[in-house]
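Beneath this line is the structure, given in structure tokens, with notes to follow.
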Amino acid sequence: MIYEGKAITVKALEGGIVELKFDLKGESVNKFNRLTLNELRDAVAAIKADASVKGVIVSSGKDVFIVGADITEFVDNFQLPDEELVAGNLEANKIFSAFEDLEVPTVVAINGIALGGGLEMCLAADYRVMSTVAKIGLPEVKLGIYPGFGGTVRLPRIIGTDNAIEWIASGKENRAEDALKVGAVDAVVAPELLQAGALDLVKRAIAGELDFKAKRQPKLEKLKLNAIEQMMAFETAKGFVAGQAGPNYPAPVEAIKTIQKAANFGREKALEVEAAGFVKLAKTSVATSLIGLFLNDQELKKKGKQYDEAAKDVKLAAVLGAGIMGGGIAYQSASKGTPILMKDIREEGIQMGLQEASKLLGKRVEKGRMKPEKMAEALNAIRPTMSYGDFGNVDIVVEAVVENPKVKHAVLAEVEGHVREDAIIASNTSTISISYLAQALKRPENFVGMHFFNPVHMMPLVEVIRGEKSSEVAVATTVAYAKKMGKNPIVVNDCPGFLVNRVLFPYFGGFAKLLEFGVDFVRIDKIMEKFGWPMGPAYLSDVVGIDTGHHGRDVMAEGFPDRMAVEGKTAVDVMYEANRLGQKNGKGFYAYETDKRGKPKKVTDPVAYEVLKSIVKEQRELTDEDIINFMMIPLCLETVRCLEDGIVATAAEADMGLIYGIGFPPFRGGALRYIDSVGVAEFVAMADKYADLGALYHPTAKLREMAKNGQKFFG
């Protein structure tokens, strides 16, 4: 053994060839933590010092190659002064450069995922052999940063500027055939031939058949583009990428600027340019939020695993109530491999559900994401029925009938009589208390909430709601089924609206107050979309349905009368009374026309302004900042209350629920991270300025205590 550590070993194979293997002890994956980086430096030094070494192959002892840098370690460094952070970055880069500068040929065998620093390690080698099942990429822009271990320097010099910009700015994972096509790897082989392929390449290089020094040289020099070519490549790319990324995500454009600045330098100076730009991005609030989001997501996945032991396997599911929602649930279950019965009392409902599932599957086939035979399999896994005939075999039933407590009580009691005693029943209610709905059941311990968001196939969140009598098995099985469907489940405790809708309605409450002060809803939408929401509150109300919002508002007002009940009519009342229900009947805050692709397109409608005149109490001049605060303060404070009331267990789950469930701007990290970014004391002071607007704007005693003690929700 030439070198042996806890993450890396170097051993002799044959004919002077050594194998540097990444195999981080105690972990399921390889990652670049401080230990691994330090051991790589020592392993490279040991190889360099051994005169018998003629070639190196790099491999992994895990199913993946290297998943990237250990962000939990490196995020702490982002708090360091700029100079220290740049110096630390360049120190890490010296390790990669030392490997690249070995006097012998180097070949990397990429057996599985190689992302971020994992791919940057591969780029430092002379040759790359990739398994057909592996994927590679530089996803750092998704964390608000860009590659910092030489990725912006080496990749353009290996695959060309245009390809490198596409890979880095998109952050996507690339399959083996695509990597080979652009020259990111030198060979693609079946998994069982990977070691042999790497050995073959290194032997050919040792024999002089391949000139590894010539292969390495372009990575050490400036980019081979003249001034005109540089201008055309970079300026065009910056314009296009800026349009795609939007103003709130600077990393993709900054990556291009860095490649451009370093284009006329050799490796060492180019790495200095990369380090300086990396540090600049690492210090942004966007990076803080997106890295926080990534860490929250990891925490969510870890929590999800805690339920695995108690969960029962769901082999057959059922959905009650077809239509758009039922069809969406059936599609999601069947397309992910769990057969499902779809029951409705009307033939039209069954047809609507099947059409919805068929349409969604057809789109996947059109886009090349599914083969036609797989579509047929998925459709066959949805069994429509108008009776309870096969319900005795079902493991879980998702009730998705109309949002009416009496109807739900009747349906739930009925279905309980047709399923096994151990079958789980879940209600897809969006607002009604699970403990209240459970009163209709003989076995309330087998009952939970399973709240899907519309459209089911696009929205990643499922709220799993624990009622007063829900058993651990019922909760765990529902969590496992949600994960099996490809969703991100968050377990929340029972209350009106649960987590997401409880938090959303105060946001709509702020919107209602703005309309009472005569603020134009089109202006409000534009400001909130600029703030980062996918759609403004008026447009969102139309998409959700004014009738749905009207019903939900009443449920929330009954549940939290101190702050959510209102006197007199609001905008949602007058819209509802005027039968302006939003997209579903073509008129709401906006009117809707059909565009060329058959999709609803919003246009302003003078009638909407006439309808709203009756609820305007006074005309107030409000700034854009006021408008943001009117809406964000109630949303953030209700999130704080959900955490304090134990509706959601952690700040991470609260924030992820809002990002996955209602499209909270990811670059702001979630409601609680948004409070942190403003500063807890500053947020409380800001809320106090709007105290006259009512209880929705009054901070909790605990939040005031946090402000006084200088505490934060994260870190």
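Bear in mind that the values in this text are calculations on the coordinates, not laboratory data. Treat the numbers as computed from the prediction; the structure is a model and nothing was measured. Cβ coordinates were reconstructed from backbone atoms using ideal geometry, including for glycine residues, and neighbour counts include every protein chain displayed.
Could you give P(r) for segment 574-640, binned at 5 Å from zero, as whole percent values over all Cα-Cα pairs? The percentages, shortest bin first, are 3, 14, 15, 14, 17, 19, 12, 4, 1. Compared with the direct C-alpha span, the chain from Arg597 to Ala681 gains 25.4 nm at full extension, assuming 0.36 nm per residue. Potential lengthening of the chain between Val407 and Met386 amounts to 5.8 nm, from the contour at 0.36 nm per residue minus the alpha-carbon distance.
The Cα center of segment 253-328 and the Cα center of segment 122-158 differ in position by 16 Å.
Per-residue ellipticity at 222 nm for the chain, helices alone: DSSP H runs ≥ 4 residues times -39500 (n - 2.57), over residue total, nearest 500 deg cm²/dmol?
Dividing the helical sum by the residues of the chain leaves -15500 deg cm²/dmol.
Can you figure out the FRET efficiency of Asp63 with Lys363, using R₀ = 35 Å and their beta-carbon distance, to the nearest 0.05? Step by step, r from the Cβ atoms, then E = 0.65. Simple rule: put +1 on each Lys or Arg Cβ and -1 on each Asp or Glu Cβ in the chain, find the dipole, and look at Ile113, Ala43, Leu13; the Cα lying farthest toward the positive end is Leu13. Straight-line cross-link reach from Lys312 at under 14 Å between alpha-carbon atoms covers these aspartates and glutamates, not counting any fewer than eight positions away in the same chain: Asp395, Glu421, Asp422, Glu472. Inter-label distance, Asn77 to Asn454: 4.8 nm, where each label sits 7 Å from its Cα along the C-beta direction. Ordering His418, Ile434, Met459 by Cα displacement along the dipole of segment 390-501 toward the positive end leaves Met459 in first place; charges were set at the Cβ atoms of Lys, Arg (+1) and Asp, Glu (-1). Between Met232 and Arg175, the C-beta separation translates, for a Förster distance of 30 Å, into a calculated FRET efficiency of about 0.55. Straight-line cross-link reach from Lys408 at under 14 Å between alpha-carbon atoms covers these aspartates and glutamates, not counting any fewer than eight positions away in the same chain: Asp344, Glu399, Glu416. Listed peptides 552-559, 286-293 appear in the order 286-293, 552-559 once ranked by packing, highest mean of other Cβ atoms within 10 Å at the front.
Whole-percent P(r), the chain, all Cα pairs, 10 Å bins from 0: 3, 13, 20, 22, 20, 14, 7, 2, 0.
Segment 456-533 and segment 174-222 have Cα centres lying 49 Å from one another. Mean sequence separation of contacting Cα pairs (under 8 Å, at least six apart), scaled by the length of segment 31-132, corresponds to a relative contact order of 38 percent.
Report the antiparallel proportion of the DSSP beta bridges in segment 317-493 as a percent, rounded to a multiple of 5.
Details: 4 of 29 bridges.
The answer is about 15 percent antiparallel.
In this Cβ point-charge picture (+1 for Lys and Arg, -1 for Asp and Glu), the chain has a dipole of about 1160 debye about its Cα centre.
This model, with +1 at the C-beta of Lys and Arg and -1 at the C-beta of Asp and Glu, gives segment 317-493 a dipole about its Cα centre of some 600 debye.
Taking every alpha-carbon pair under 8 Å whose residues sit at least 6 apart, segment 584-715 reaches a relative contact order of 18 percent. Computed over the alpha carbons of segment 185-275, Rg followed by Dmax gives 18.4, 52 Å. Each residue, Leu193 and Ala376, gets one label point 7 Å from its Cα in the Cβ direction; the gap between the two is 3.2 nm.
Averaging the Cα positions of each part gives two centres, and for segment 637-715 and segment 77-91 these lie 31 Å apart. Only lysine pairs 8 or more places apart or on separate chains count here, and in segment 559-685 those with Cα atoms under 28 Å apart total 19. Under 15 Å between alpha carbons: how many lysine pairs meet that in segment 16-87, if sequence neighbours fewer than 8 apart on the same chain are excluded? Pairs that pass both the separation and distance tests number 4. For segment 98-156, the list of GluC sites (Glu not before Pro) that fall in a loop by DSSP and count at most 13 other C-beta atoms within 10 angstrom reads Glu103. Our Cα-only numbers for segment 3-283 put the radius of gyration and Dmax at 17.9, 55 Å. Taking all Cα pairs closer than 8 Å and separated by 6 or more residues, the relative contact order of segment 317-493 comes to 20 percent. Could you calculate the FRET efficiency of Glu14 with Asp211 from 1/(1 + (r/R0)^6), where r is the beta carbon distance between them and R0 is 30 Å, rounded to 0.05? That pair, Glu14 with Asp211, gives E of 0.85. Excluding same-chain neighbours fewer than eight residues apart, the lysines reachable from Lys702 by a Cα-Cα span under 21 Å are Lys689, Lys712.
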